[in-house]
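A quick write-up on the structure given underneath.
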Amino acid sequence: MQVPKEETPNENLAELTAKAYYELGIAKSEMEEKESLIKELAQQSSELFNKEKKMSTDVKEKILFLQELASSLSKKNEELERKNKELEKQKEQNAKLTIDLRKNLEKVLVKEKEIEIHRDQLARQVDEKSGELEKSERLAVIGELASRMAHDLRNPLSTIKNVVEIIESKPRMKIEEKLQYYGKLRRAIERMSHQVDDVLDFVRTTELTLEPTSILNIIRMSKDNIIIPNDVTINIEQNDARIYCDKRKLEAVFTNLIMNAIQATDTVGTVNVRIMDNGADVMVAVEDSGKGIPNDVLPKIFDPLFTTKQTGTGLGLSICKNIIEQHNGSISVKNHPTTFVVRLPKNS
């Protein structure tokens with residue numbers, strides 16, 4: 001049997017020391033863990049504190065904003081109340097105005113009815129007076145035309161009467177002398193026929209007979225219809241254009257314009273006729289070298305029965321204007337030099 005070995009005091013002390021160191025290590029580790037945990041808790045506490053602090057700042061700002069909003073709303077509410085009171089006052093005033101306006105409206109309606117009745121009476125009077133005036137104007141025109149016709153026909157009738165009396169008083173008149181008197185008779189009859197034709201052309205409007213025609217040929221035929229004085233030169237530009245027109249009526253127009261131009265030269269001068277093709281339209285200008293038309297006469301030049309000549313019906317230019325307007329054209333005049341410009345559509 002082995003006898004246990006006895007421990008010495010030094011061995012016991014070393015064992016106790018080692019155990020103590022071991023326990024201290026364990027305690028140190030626990031302390032370090034607790035320190036780390038405490039630091040983590042401290043950091044979390046700090047973060048929570050900062051969040052709470054920030055939240056507290058945000059809450060303060062929101063509270064401040066809400067206080068300001070409440071103050072603003074309170075002011076708005078006061079303003080609305082004030083506006084409401086003003087509107088109530090305005091409403092009362094409007095109600096009074098409405099009553100006044102209704103009364104005034106009734107008065108206005110009564111006045112309108114009276115005005116309408118008066119207007120109808122005036123309209124009837126105007127219609128009656130207009131009818132009387134129109135009738136008077138027609139009678140005046142007829143009277144002036146009859147007076148002009150009587151004046152213009154008196155001279156050729158006197159010529160015819162004198163020639164007949166001369167022929168009757170000379171039964172054995174020579175042939176040459178008879179031909180001379182017959183010529184006077186023919187010219188007097190032609191003059192009377194011309195006067196009658198002017199009046200008929202003015203008072204009646206016949207339908208156009210449209211056909212494609214050379215405008216240059218119409219002007220040449222118009223020139224051929226006229227006895228041209230020896231000291232008058234007529235120049236016709238050789239430009240040409242074809243238009244749909246009533247050539248007989250346009251021939252009468254240009255005959256009249258060229259004759260007027262010759263008369264304006266006092267039988268000494270030049271008449272220029274120009275033809276211009278403007279695409280859809282044709283322009284014809286008749287220009288004379290006369291002294292021109294007086295400025296006070298120019299606006300009346302196309303008026304019916306207006307004339308500055310000793311003879312004539314004063315219907316020539318008016319008839320020309322009517323014929324040109326029948327073709328959907330226009331005529332105008334200007335001075336210096338005197339130029340009549342006729343515009344005619346190629347396809348009227």
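What follows draws every value from the coordinates through simple rules; no lab data is involved. Not measured: the values here are computed from a predicted model. In this analysis, Cβ positions are derived from the backbone assuming ideal geometry, glycine residues included, and neighbour counts consider all displayed protein chains.
Along the axis of the charge dipole computed for segment 1-130 (Cβ charges of +1 for Lys and Arg, -1 for Asp and Glu, origin at the Cα centre), the listed residues 71, 24, 50 are led at the positive end by 71. Checking the cross-link pairs 321/346; 178/249; 184/223; 223/291 against a 27 Å limit on the alpha carbon distance flags 178/249 as lying beyond it. Taking a ≥ b ≥ c as the square roots of the eigenvalues of the Cα gyration tensor, segment 228-348 is oblate, since a/c reaches 1.5 or more and a/b is not larger than b/c. Backbone geometry of segment 238-243 corresponds, through the Karplus equation with coefficients 6.51, -1.76 and 1.60 at θ = phi - 60°, to 3J(HN,Hα) couplings of 8, 5, 9, 7, 9, 9 Hz, x marking Gly and Pro. Restricting the trypsin sites (Lys or Arg not before Pro) of segment 8-97 to loop positions (DSSP other than H, G, I, E, B) with no more than 12 neighbouring Cβ atoms within 10 Å leaves nothing. Under 15 Å from the 7 Å Cα→Cβ point of residue 75, by amide nitrogen: which residues of segment 51-69? Under 15 Å, as judged by backbone N against the label point of residue 75, lie 65-69 of segment 51-69.
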